Each structure stands twice: as structure tokens, then as C-alpha cells.
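Notes follow the structure.
What follows is calculated from the coordinates using simple rules that are stated; it is not laboratory data. These numbers were taken from a predicted model, which means no experiment stands behind them. With ideal geometry, Cβ positions are generated from the backbone for all residues, glycine too; neighbour counts draw on all protein chains shown.
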Amino acid sequence: MNFVPQVTTTEISNADLDNVSGGLAVAGSGGLSVETPIASVASDLLAVATPEGATTGLAFHTATH
């Protein structure tokens, strides 16, 4: 059995990429990160607006050391 992943790559033009990705977008993001000797806490806020609509997202992450 062959367990090697088979991957094929190709080039795509900027015009074709604009059609795939939905075109131009305006995005803004911000975040906060706090790290202590015991743990780290991070949060991110993302807002994206395109001609098709707008979306927002929030992420929160904690980790102990």
C-alpha cells in the first residue's frame, strides 16, 4: 500500500483567484494577549465586510505552562 499523499498543484491567475475568493474585502482585527509564568490567555476579534455582506468572529484561547 502507498501511504504517500498525492498532491497536485497548479497556478491560478489573479482574476480567477478574485472569482474564487469572492473578490475584494475590507477586514479589521484586533486582539489581546496576556502571558504569565503559569498560563497565557489570548483573544481575537475579526470583522470582514465584502459586497456580499459582513461577518464577525471572536476567538478565546487559554494555555497553561
**Study point:** Listed peptides 37-46, 50-59, 6-15 by packing density, highest first (mean Cβ within 10 Å)
**Key:** 37-46, 50-59, 6-15
Practice item. Please give the length that would be gained between Leu58 and Leu45 if that part of the chain were fully extended, namely 0.36 nm times their separation in residues minus their C-alpha to C-alpha distance (nm, one decimal). Key: 4.2 nm
